[in-house]
Protein chains: 2
Amino acid sequence: VRLLTLARDLKRRKARERQQLFVCEGVRAIEELLRSPLAVRGAIVAPQLQDVPRGAELERSLDALPAHDHYRLLVLDAVQDPGNVGTILRTAAALGVTAAVALPGTVDLWNAKVVRSAMGAHFHHSAMSSTWDELDAFRAARGVSLWATDATGDPLERDGAPRRLALVVGNEGSGVSDAARERADRLVAVPIASSVESLNVAVATGILLHELRR
Amino acid sequence: VRLLTLARDLKRRKARERQQLFVCEGVRAIEELLRSPLAVRGAIVAPQLQDVPRGAELERSLDALPAHDHYRLLVLDAVQDPGNVGTILRTAAALGVTAAVALPGTVDLWNAKVVRSAMGAHFHHSAMSSTWDELDAFRAARGVSLWATDATGDPLERDGAPRRLALVVGNEGSGVSDAARERADRLVAVPIASSVESLNVAVATGILLHELRR
């Protein structure tokens, strides 16, 4: 209801100027909006949207990603600490990731602590939730390889990565899930001293994304 | 008083086995202890220690670092968030840093939140406090270069770093201090997207330490 009230309020120029928000309506306009760097504050969806093919498409947000020759998806596989997830989104935006994708078990990307730690990354960077099925379909359709981080993985070398790549980072305690391991074309790791059990997941993500950057 | 009680208790084998702690006494033994990877749980110091040159030396912990051909010091210049500092200590231990050095303005390295975030790094890695004067003296005596991180700095290339290097990372909001800038042989940075203001300091530290690793 609050979103409807806001949308109604935004019909007035004064309200738009005060809130620095506007309403965007219609399938075509929303398709464009989703391809832009603008942030969407909220969505109001009529049930009839599903009756139009392009409308149904809109709700599958991974597919809203433009078709590119070069992807860097960062997949969060049950990362649970809001501070870590926010820092990861900030890092992903800084290091050229196309989109961050949260799998089930990951803390809500719009949790206030996540938003605070992300320092604005939500507003100029794609971050979305997805199931494994949706991610599998997207990867199959677009030919995206999957690498998962794991302590037993290979150290990354520069320039050795496929042009379309989804990198999976895992839970703070247990690492990436079996589902990620089964799907992974490769396991990768940051080599560390044997006296230390692991790196913080946001730090490890930063190092790997930096290595993958071109 | 609690430390004295503990030290007294540790005279009994049963107590040592239960606590997994022991008492180490005497200047020579403590010199060796400080060169070992063992963690020191506490120190009880007699005022007379200052009367012996080697005793006075013991209290200047930077000088207790063994003389090596290769150093990687990580210098924390007013890093204030305990979670960041703990994560940085964990990262430094994992990525081969010789010692982490906290300058004034940095949160106490033994703050409970720092210790928790460091995930045990305190116990097998050198972490100490220091003033700029002490660090300057140590750098002069051992020929250690100083690099400071700054958004305007050069991207790091691999294999381009001096064998003895102190890397300074700065405050979450304001970056490294003027004192660091004045002393720096070089300013270095991780290149990031223009839409993002900065990386989290622990993530940036991880990326730079990884790059410096050899």
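The values are calculated or read from the model by the stated rules, or taken from the named source; none is laboratory data. Not measured: the values here are computed from a predicted model. Glycine also receives a Cβ, built like all others from the backbone with ideal geometry; neighbour counts cover every protein chain displayed. SASA here: full protein model, heavy atoms, side chains in, ligands and nucleic acids out. Shrake-Rupley method; radii C 1.70, N 1.55, O 1.52, S 1.80 Å.
Some points to look at:
- Segment B:185-210 - residue that is of a type in the set (V, I, T) and within 11 Å of another protein chain (Cβ to nearest Cβ) and, of those, farthest from the chain's Cα centre (by Cα): B:V196
- Subset of segment B:172-184 [open to solvent by 60 Å² or more (accessible area, probe 1.4 Å) and away from chain A (no Cβ under 14 Å)]: B:S174, B:D178, B:R181, B:E182, B:R183
So that you can scan it fast, the table gives a plain yes or no per residue for (1) touching a residue at least 12 places away in the same chain (Cβ under 8 Å); (2) among the charged types (D, E, K, R); (3) over 30 Å from B:R183 (Cβ atoms):
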residue	(1), (2), (3)
B:R2	no, yes, yes
B:R54	yes, yes, no
B:V75	yes, no, no
B:D81	yes, yes, no
B:W110	yes, no, no
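- Among the candidates A:R116, A:R41, A:R90, residue that is among the charged types (D, E, K, R), out of contact with any strand residue (DSSP E or B) (no Cβ under 9 Å at 6 or more places or on another chain) and more than 30 Å from A:H210 (Cβ to Cβ): A:R41
- Here B:H125 clears all of (1) modelled with pLDDT under 80; (2) open to solvent by less than 20 Å² (accessible area, probe 1.4 Å); (3) within 13 Å of the chain's Cα centre (by Cα) except the condition numbered (2).
- Check on A:V107, in contact with an Asp or Glu (Cβ under 8 Å, 6 or more places away or on another chain), open to solvent by 20 Å² or more (accessible area, probe 1.4 Å) and aliphatic (A, V, I, L, M): yes
- Residues of segment B:1-25 that turn out to be in a loop (DSSP other than H, G, I, E, B) and either modelled with pLDDT of 75 or more or of a type in the set (K, R) (or both), as a count: 9
- Every residue from segment A:185-209 that is outside any loop (DSSP other than H, G, I, E, B) and open to solvent by 30 Å² or more (accessible area, probe 1.4 Å): A:R186, A:L187
- Residue match in segment A:170-184 (condition: within 20 Å of the chain's Cα centre (by Cα), assigned to a loop (DSSP other than H, G, I, E, B) and within 24 Å of A:A94 (Cβ to Cβ)): yes
- With respect to the conditions (1) among the aliphatic types (A, V, I, L, M); (2) touching a strand residue (DSSP E or B) at 6+ places or on another chain (Cβ under 7 Å); (3) closer than 19 Å to B:S117 by Cβ, A:V196 falls short on a single one, namely (2).
- B:S145 being modelled with pLDDT of 95 or more, surrounded by fewer than 19 Cβ atoms within 10 Å (Cβ to Cβ) and among the hydroxyl-bearing types (S, T, Y): yes
- Between B:A151, B:A140, the distinction of being open to solvent by 70 Å² or more (accessible area, probe 1.4 Å) and without any contact (Cβ under 8 Å) to a residue 12 or more places away in the chain belongs to B:A140 only.
- Scan of segment B:156-173 for residues that are small (G, A, S) and in contact (Cβ under 8 Å) with a residue 24 or more places away in the chain, ordered by number: B:A161, B:A166, B:G170
- Checking A:R213, A:R163 one by one, the residue that is facing chain B (nearest Cβ under 10 Å), open to solvent by 70 Å² or more (accessible area, probe 1.4 Å) and under 18 Å from the mean Cα position of the chain (by Cα) is A:R213 and no other.
- Residues in segment A:93-136 that are aromatic (F, W, Y) and away from chain B (no Cβ under 14 Å): A:W110, A:W132.
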